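Each remark here refers to the structure printed beneath this line.
What follows is calculated from the coordinates using simple rules that are stated; it is not laboratory data. The structure displayed is predicted, hence computed values, not measured ones. Neighbour counts run over all protein chains shown; Cβ positions are idealised from the backbone, glycine included.
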Amino acid sequence: MSKTLKTIAIAAAGVAVLSAPSFAADKVRLVNSTKVVFETEHPYTGLEEGIFKKHNLDVSVIHGSGGAASLQAVITGSQDVVWGNGVLGVVSAYAKGAPVRILGSNIRGVQDLYWYVKPESPIKSFKDLNGKQMAYSRPGSTTDLAARFIAEAQNIKPKFVSVGGPSGSRTQLMSGQVDSGWSVYPLNKNLLREGKIRIIGTGKEASGLNGVTIRVIAANVNWLNKNRDVAKRLMTAFKESVDMTYSNTKRLETYAKRWKLNFEDVKDAAKDTPQSIATILPIAGLDKINEIALANKKIKKLLTAAQLKELVHPMGNKP
Amino acid sequence: MTRLHKVPVIVGLFGLLACAVLLELAVNFGWVMEIIVPRPTDTVLSFPSLQEDMDLVGNFFVTLGMTAAATALALLIGLPFGYFLYRREAYGVAYEGWLAAAFSTPIVLLYPLFLVIFGRNHMTLIVMGCIPGAIPIAIQTRQGLLGVSKTLLNVGRSFNVSERDMFRKIMLPSAVPTIFTGIRIGVMYTLVNIVAIEYLIDFGGLGRIVSQMYDNFSIPETYAAIVAVILVSTFFYWGFGRVEKWLRPV
């Protein structure tokens, strides 16, 4: 090989090595707002079934613990996208100038929530909670909202009691401190299967919230503006991931294994949380959410139509 | 207040003011995100709305009262137990390590257990606040009494003072600084635990306000509630300083 050819070969190899990063998958830092709950499974489907990879995305997933902390991670820019954050939190943060935008719906309505009692309890349905304690997690949370909408729909006046998360709720119900507990499918379904608790109703009875987007996929707007194409591919990958989670039984087995759940308790996940309410579009009922946010003092005045429009970037597209 | 005492107070307040001005500028220039850390002026201005919406003053006294009750209980347990560990050396040697280990345990994580035992009420807050408070008080009481100078004790004996006077006039004044170090550490841990549990279970007091304001992204109000927690802490720090001075005037 002549000296010239050798030089060209070395130069070509160098160019190839240097240009390699340009072919690397786009990195996305995703925070899953909570864990175990069925809707949080879809990003894992994308990760483990190669859907993100197919869209040239390198997605890393961490967990939040509900509440404002997950969204805070996106606002500060330490994470790019949050999956399944409460819409009220996003609206509230946006109204205060936080750099956050909604890309899609995670779930509409609250039918994955359920309320339960001990088997020997005289309470048979929500109607019997009139004057009794009705549990919810924390003031201003989705469960708080759902409980109040259920009470309104059932025309009852229960005593609302903040009991914390599903495990705290279970402990307080089982030790007789509250009349009812709350949970979210499939948590505590083992107690249901073993006959230790009895369901008195689900979030479906919060009729005022049916069809309204309750949890969302949201992104840091600075990241979004710089990575519009990545965001669009990410949302397409999410859509495919949701479809696969619902159509592939193997995904349910993986889900059960990941969180050490009994398969018996997750096999009906698609019925408990039907895909019709978990599709990424439409992002529905934001006007209603705007009013609820004001009523719950999450915002000081209603967002204008222009602000609501600016807030939503469906599937990563500009409003 | 003497000049010697006035100067540090003025220097301290000046330092605080300087930090506040720097933070104000940092937020104004966009070096710090307003949604993460508010301007100190916004924090101050949010006090009236926080009072109107969340009864800040009422909740201040709830947390203050819970901390006072838990600290009183911690003193009732910690002081005699520390004295017992001093008097019975074998028990002291045997248990001090255990107490130190228990002190470093994050007892706050046991809140579901306490909720079951005591229910979702103030008793849970008081008991969970008292435990991390009593431990340093007991340890420091023992250490304080062990640290009394042999010379002082010998002087007492040479004057033939009674056991009671020996304790009251020699041992206690000598041990007071160490015991009060334990009390100060104890009251701070008591306050931290009470506010943390208020935050976690959304029950009464300033911790609940911090939790709700944070969830609403009402950042100035969140910081205003935190400032109120600092005021509770300052109150106890100042209060126990006065008691210490009263017990040991020199």
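Annotations
- Size of electric dipole in the protein assembly as shown: Cβ of Lys, Arg +1 and of Asp, Glu -1, about Cα centre, debye, nearest 20: 740 debye
- Highest GNM mean-square fluctuation among A:VAL81, A:VAL117, A:VAL100, for chain A modelled with Cα contacts below 10 Å: A:VAL117.
- Per residue, the convex hull spanned by the alpha carbons of the protein assembly as shown comes to 259 Å³.
- Under the membrane-span-like helix rule (DSSP H runs whose alpha carbons stretch at least 24 Å along the helix axis, mean Kyte-Doolittle hydropathy 1.0 or higher), chain B yields B:3-28, B:56-87, B:122-146, B:172-201.
- Choice from A:ALA147, A:ALA73, A:ALA24 with maximal GNM fluctuation in chain A (Cα, 10 Å cutoff): A:ALA24
- Straight-distance candidates among the aspartates and glutamates for linking to A:LYS318, with alpha-carbon spacing under 12 Å and chain neighbours fewer than 8 residues away dropped: A:ASP229, A:GLU310.
- Here the calculated FRET efficiency for A:ASN155 and A:GLU120, from their Cβ-Cβ distance with R0 = 22 Å, stands at 0.25, rounded to the nearest 0.05.
- Gyration tensor verdict on segment B:185-237 (Cα atoms; rounded if a/c is under 1.5, prolate if a/b is larger than b/c, oblate otherwise): oblate
- Positive-end ranking of B:THR181, B:GLN143, B:PHE236 along the dipole of segment B:38-247, with charges on Cβ about the Cα centre, is headed by B:GLN143.
- For segment A:183-319: rounded, prolate or oblate by the Cα gyration tensor [a/c cutoff 1.5]: oblate
- FRET efficiency, 1/(1 + (r/R0)^6) with R0 25 Å, evaluated for A:LEU294 and B:ASN28 via beta carbons: 0.30
- Span from the segment B:143-205 Cα centroid across to the segment B:66-83 one, whole angstrom: 11 Å
- Less than 5 angstrom separates the built amide H of A:VAL59 from those of A:VAL28, all sequence-distant by 5 or more or on a different chain.
- In this simple spin-label approximation, B:VAL127 and B:ARG87 carry label points 7 Å from Cα along the Cα→Cβ vector, and these lie 2.8 nm apart.
- Rounded tilt (10° steps) of A:286-295 against the dominant C-alpha axis of chain A: 60 degrees
- From helices alone, chain A scores -11500 deg cm²/dmol at 222 nm; the rule is -39500 (n - 2.57) for each run of n ≥ 4 DSSP H residues, then divide by the residue total.
- Peptide B:20-27 - average C-beta neighbours from other chains (10 Å radius): 0
- Angstrom value of the Kirkwood radius, inverse mean 1/r, which spans all Cα pairs in chain A: 21.0 Å
- Ranked B:VAL243, B:VAL62, criterion: other C-beta atoms within 10 Å, fewest first: B:VAL243, B:VAL62
- Formal net charge of residues neighbouring A:ASN248 (Cβ-Cβ distance under 12 Å; K, R +1; D, E -1): -4
- Converting phi to 3J(HN,Hα) with the Karplus coefficients 6.51, -1.76 and 1.60 and the offset θ = phi - 60°, segment A:236-251 yields 4, 5, 4, 4, 5, 5, 4, 4, 5, 4, 7, 9, 10, 4, 4, 5 Hz in sequence order, with x at every glycine or proline.
- Amide H contacts of B:PHE217 (H built 1.01 Å from N, under 5 Å, at least 5 apart or other chain): none
- Note: relative contact order over chain B, using C-alpha pairs below 8 Å and six or more positions apart, is 25 percent.
- Loop-located trypsin sites (Lys or Arg not before Pro) in segment A:257-319 (DSSP state not H, G, I, E or B) with no more than 12 neighbouring Cβ atoms inside 10 Å: A:LYS260, A:LYS300, A:LYS301.
- Close amide H pairs (under 5 Å, H built 1.01 Å from N) link A:MET134 with A:LYS159, A:PHE160, A:VAL161, residues at least 5 positions away or on another chain.
- Model label zone, B:TYR237; criterion: amide N under 19 Å from point 7 Å along Cα-to-beta-carbon; scope segment B:10-44: B:10-21
- Integer Hz, Karplus 6.51/-1.76/1.60 couplings in order for segment A:178-184, x for Gly and Pro: 10, 7, 9, x, 10, 7, 10
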